[in-house]
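Novice: Okay, here's the structure, questions in a sec.
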């Protein structure tokens, strides 16, 4: 514990400055899964679909485009690959299975239908554990939405 008022003031100022300092930038190379890479035929159609699930468009790199859950996150999304990129990397369209959690599966299903996705079924209860909805994105990738059961 500081022994003088000046030392105490210096300690408090240091703590205040440390608390106000910006968080260090996230390291893009921390261990973990960075993203799921999928082949897409049309970036805008895929962006519209996945933003209805709650994702946000991230960095557009020309041949690839990120979709992320929160801005600035390196390890949280989908990396869409353009047709040329997918062809060169020998990626197939519609060959990916993606599981996404959401707080309200029915609201997401309703939003997708209102945006012109007519084949979106009604979510169903999965026992007493969760609500589930199986659907396909514009390129045929299977997407499983999981969320809590609706409040009674």
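The values are calculated or read from the model by the stated rules, or taken from the named source; none is laboratory data. Model, not experiment: these values are computed from the prediction. Glycine gets a Cβ as well: all are built from the backbone with ideal geometry, and neighbour counts include every protein chain shown.
Novice: Within region 56-84, count every residue that is free of Cβ contacts under 8 Å to residues at least 40 places away in the same chain and either in a loop (DSSP other than H, G, I, E, B) or more than 20 Å from residue 143 (Cβ to Cβ) (or both).
Specialist: Pass one, region 56-84, residues free of Cβ contacts under 8 Å to residues at least 40 places away in the same chain: 56-71, 84.
Filter again for either in a loop (DSSP other than H, G, I, E, B) or more than 20 Å from residue 143 (Cβ to Cβ) (or both), leaving 59-63, 69-71, 84.
Going through region 56-84 one residue at a time, the tally reaches 9.
Novice: In region 132-152, how many residues are surrounded by 20 or more Cβ atoms within 10 Å (Cβ to Cβ) and over 13 Å from residue 53 (Cβ atoms)?
Specialist: Total satisfying the criteria: 1.
Novice: When you go through 61, 136 one by one, which is the residue that is within 19 Å of the chain's Cα centre (by Cα) and either modelled with pLDDT under 90 or over 19 Å from residue 40 (Cα atoms) (or both)? Write out each step before concluding.
Specialist: On the way: 136 fails: either modelled with pLDDT under 90 or over 19 Å from residue 40 (Cα atoms) (or both).
Exactly one of 61, 136 is within 19 Å of the chain's Cα centre (by Cα) and either modelled with pLDDT under 90 or over 19 Å from residue 40 (Cα atoms) (or both), namely 61.
Novice: While we're here: Quick one: count up the residues across region 89-124 that are surrounded by 15 or more Cβ atoms within 10 Å (Cβ to Cβ), free of Cβ contacts under 8 Å to residues at least 40 places away in the same chain and either touching a strand residue (DSSP E or B) at 6+ places or on another chain (Cβ under 7 Å) or in a loop (DSSP other than H, G, I, E, B) (or both).
Specialist: Here the count works out to 3.
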